[in-house]
1. Using a 10 Å cut-off on Cβ atoms, rank the peptides 96-107, 144-155 from the highest mean neighbour count down.
2. Using the beta-carbon distance between residue 102 and residue 231 and R0 = 30 Å, what value does 1/(1 + (r/R0)^6) give for FRET efficiency, to the nearest 0.05?
3. Once the piece of chain linking residue 157 and residue 95 is laid out straight, how much longer is it, given 0.36 nm per residue of separation minus the C-alpha distance between them?
4. Within the set of other residues whose C-beta is less than 15 Å from the C-beta of residue 96, count the net charge using Lys and Arg as +1 and Asp and Glu as -1.
5. How far, in nm, would the chain grow between residue 196 and residue 69 when pulled straight, counting 0.36 nm per residue and subtracting the alpha carbon separation?
Amino acid sequence: MLNSTRIPRARTLGDPQALDAAEGRLRAAAFRTVSSAQRRSLVRLAAGVGVAAVSAGVFAIAWVHAGDRVQVLALARPVVLGQILGEGDVKVVELPADSGVATLPASERGQVVGRPVTASLADGTLLAPVQVGGAALPLGQAQVSVLAKEGHFPPSLAAGDAVSVQDTGSSSSAAAAKSGGGAVQATVVDVRPASDSADGAGAVVVTLLCPQDSAAQVAGFDTPALVLLPAQPSGR
């Protein structure tokens with residue numbers, strides 16, 4: 001509200017100079033009132049801008065910290081105990097930098113591929129150092145690889161399958177295979193294409209987990225054939 005300034009009638013009536021002076025005093029009073037209100041508005045505006053700036057700064061810091069993420073290794077598909085990790089078994093995922101989870105950095109992918117896992121793991125499992133390589137095989141078991149030519153293994157053969165391995169490379173071995181003798185039961189750990197073209201198109205290298213006392217026998221098979229066995233019921 002503007003401050004009122006009374007103008008004495010006796011002094012101002014008919015006196016132009018007095019009227020001008022009174023008008024000047026009214027304008028000055030109005031100016032002082034408006035200026036004071038403007039100053040208060042400017043103070044509030046400055047305070048509001050300051051609060052907004054501080055809030056924006058706090059948000060920016062929080063956003064930056066929330067954006068700190070690291071790339072780590074995880075499984076792209078399920079694997080079984082002793083399986084040799086291939087390129088397709090491992091993928092890169094991102095985690096918050098302060099997750100506190102034991103992981104392997106993505107930069108170690110080259111050292112992880114080609115090494116066995118120490119346990120059967122599900123798809124998406126974050127790989128930790130203790131899960132890759134260095135663990136002993138189950139007691140009484142050995143790991144051995146054989147070259148299986150096309151037609152000597154099921155096309156659907158995959159890690160985790162139970163198989164019977166037989167040698168069909170010689171007449172005596174073939175006879176033993178037909179009678180069921182000389183066969184060794186094993187678990188498939190890994191299947192991958194043979195790198196040498198001389199082994200024939202469609203040949204694969206199969207890594208097996210078998211009884212330790214049969215490992216040398218399986219490794220000596222001239223022409224191994226793998227027969228898929230029924231899956232064992234759960235709990236047996």
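Laboratory data are not the source of any read-out in this text; all were calculated from the coordinates shown. These figures come from a predicted structure and were not determined experimentally. Positions of Cβ are generated from backbone atoms using ideal geometry, with glycine treated the same way; all protein chains shown enter the neighbour counts.
1. Numbers: 96-107: 12.6, 144-155: 16.8.
The packing order, highest mean first, is 144-155, 96-107.
2. Working: r = 32 Å, r/R0 = 1.08.
Rounded to the nearest 0.05, the efficiency is 0.40.
3. 18.9 nm
4. The answer is -2.
5. On the way: separation 127, 0.36 × 127 = 45.72 nm, distance 4.13 nm.
The residue 196-residue 69 span can extend by a further 41.6 nm.
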